[in-house]
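The values are calculated or read from the model by the stated rules, or taken from the named source; none is laboratory data. Predicted model only: the values in this text are computed from it and were never measured. Positions of Cβ are generated from backbone atoms using ideal geometry, with glycine treated the same way; all protein chains shown enter the neighbour counts. To get the accessible areas, we keep the full protein, side chains included, count just its heavy atoms, and leave off ligands, DNA and RNA. Shrake-Rupley method; radii C 1.70, N 1.55, O 1.52, S 1.80 Å.
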Amino acid sequence: MARKLLLTHIDVPGIHTFDVYRQKGGYRAVEKALKTLTPDEVVEEVKKSGLRGRGGAGFPTGMKWSFLAKPEGVPRYLVCNADESEPGTFKDRYLMTHIPHALIEGMIVASYALGANTSYIYVRGEMMPQIRILERAIAEAKLAGFLGKNILGTGYDLELFVQPGGGAYICGEETALLESLEGKRGNPRIKPPFPAVSGLYNCPTVVNNVESIAATVPIINDGGEEYAKIGIERSTGTKLISAGGNLNKPGVYEIELGLPVEEFIYSDEYCGGIANGKRLKAVVAGGSSVPILPANLITKTLKGEPRLMTYESLADGGFQSGTMLGSGGFIAFDEDQCIVRNTWNFTRFYHHESCGQCSPCREGTGWMEKVLHKIEHGHGTFSDIDLLVDVSKKIEGNTICPLGDAAAWPVASAIRHFRDEFEWHVTNGRDAQVRNFGLAHYADPLEPVL
């Protein structure tokens, strides 16, 4: 059985309450951090752990914390990004629903490390049940003396607030989130200055994902070096994966980084294989914004090596033959699924969610949606496929925030790996309305590139 750090007690009745969470060892990390460690020592433990941001970017968390400016007399803030709007990703919602105190405890530890006396959890506006759950958990923690003035008699003060989000995907980008938290429209800011220098209310701010913050609890309890022993290479610790699509056992899984992708898909401990006896066609490994890969490239690299659930292995081959771990939104497509229709659906989402601030994203996502609609509905031409590639290149790298890249990558990768399916839609427009292209060669063994 794989080791679990965040979901160990997920099935314990009442684990969402303070009393049961405390009985299972909850808030030990707060006691250890506040009573025996300095803030800098907490940061150092997180650095030793090798923890990387679990929201998508994978930037080293301890290093991000160490960048925080500390001007005299200026407040600092910790903001938890619980917006989780990435299609295919639902692990943060799961954690907040079932073990809210894991996040609250992590917020206290991280706030102490950063010298923040006021912190916020910014939750996607549609997640009202989770907002209420977190507010109850905060009230319980405060009643028990773990929040408020002079926590555990250590002299450290912390107030923690839950803020409903603006209901926009763009508010998952950290500077747009801060704009929204300040009561403004959620438009990304031009950087620099970075939030670590000028963030919330123009004060030094760290923005971290739910899972990243919750992971600081086992790191402080067991030590950063122990945490770093889990996983391989620079992918240390465990990772929550939102597994969806055509799987026998969709759900949220906590894996040790380094698990083979093939084992994750087909073993009974995890997803249990493809539903209804079908064959695997393609996988989006890290949420809708990462490149899609055909079955033969998601289980093995071009070198013929097993593909692993790590930041490095999934990225092996770059965007020509690799993808990203991203937020861990793992979507499996069986042989009956249409890649063109799926790509059009993703593009509709990104067009709708573009804030409109940058012309390449505002106009380009609209172009891609229209052209993909045309191809999917039997009116496309071969030049339309090349036009999509061209438009995606014009968007990528030319916007203030990563939403432009997130919209461009799925389109570019779908055409790169499934161009014959797009061409089939062009040449068989009427037939494509009543049946799908099928599996073709996407699961055929590859000749390793040595």
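A few points about this structure:
- Loop-resident sites, the range 1-90, for chymotrypsin sites (Phe, Trp or Tyr not before Pro), counting at most 15 other Cβ within 10 Å (DSSP): PHE67
- Accessible-area composition of the range 148-194, carbon plus sulfur, in percent [1.4 Å probe]: 53
- With at most 16 neighbouring Cβ atoms within 10 Å, loop GluC sites (Glu not before Pro) (DSSP) excluded, longest segment of the chain: 270-450
- Under 12 Å, Cβ to Cβ, from LYS249 - net charge with Lys/Arg +1 and Asp/Glu -1: -2
- Relative to the current alpha-carbon distance between ARG132 and ARG416, full extension at 0.36 nm per residue lengthens the span by 97.8 nm.
- Computed extension gain for LYS4 through LYS278, at 0.36 nm per residue and net of the alpha carbon distance, reaches 95.6 nm.
- Pairs spanning more than 30 Å between alpha-carbon atoms, out of LYS32/LYS249; LYS32/LYS191; LYS4/LYS35; LYS48/LYS249; LYS24/LYS249; LYS35/LYS229: LYS32/LYS249; LYS32/LYS191; LYS48/LYS249.
- In order through the range 159-173: 3J(HN,Hα) via Karplus (6.51 cos²θ - 1.76 cosθ + 1.60), integer Hz, x for Gly, Pro: 10, 10, 10, 9, 10, x, x, x, x, 9, 4, 4, 6, x, 6
- Carbon plus sulfur fraction of accessible area for the range 260-334, probe 1.4 Å, in percent: 52
- Candidate values (i) 21.8, 68; (ii) 23.0, 91; (iii) 22.4, 73, label of the one derived for Rg and Dmax of the Cα atoms in Å: (iii)
- Of the residues MET96, VAL74, GLY25, the one whose Cα sits farthest toward the positive end of the charge dipole of the range 1-125, with +1 on the Cβ of Lys and Arg and -1 on the Cβ of Asp and Glu, is GLY25.
- Think of the range 260-334 as a dipole: +1 on every Lys or Arg Cβ, -1 on every Asp or Glu Cβ, centred on the Cα centre; then among ILE292, CYS271, PRO260, ILE292 lies furthest on the positive end.
- Residue-wise HN-Hα couplings along the range 223-230, as the Karplus relation 6.51 cos²θ - 1.76 cosθ + 1.60 with θ = phi - 60° gives them from phi, are x, x, 5, 5, 4, 5, 6, 7 Hz; Gly and Pro carry x.
- Distance between the pseudo-spin-label points of SER267 and THR17 (7 Å out from Cα toward the beta carbon): 3.5 nm.
- Within the chain, antiparallel bridges make up roughly 50 percent of the DSSP beta bridges whose residues both belong there.
- Mean Cα-pair separation over length for the chain, i.e. relative contact order, pairs under 8 Å, 6 or more apart, %: 16
- Here each label is just a point 7 Å from Cα along the line to Cβ, and for LYS370 and GLU233 those points are 4.2 nm apart.
- Charges were assigned to the Cβ only: +1 to each Lys and Arg, -1 to each Asp and Glu. The resulting dipole of the chain about its Cα centre is roughly 560 debye.
- Solvent-accessible area per residue for the chain (1.4 angstrom probe, square angstrom): 40
- For GLY165, the shell of other residues with beta-carbons less than 9 Å away shows a net charge of -1, using +1 for Lys and Arg and -1 for Asp and Glu.
- Computed from Cα atoms, the angle from the helix 39-49 axis to the main principal axis of the chain rounds to 30 degrees.
- Label-to-label distance, VAL389 versus LEU446, with points set 7 angstrom from Cα along the beta-carbon direction: 1.8 nm.
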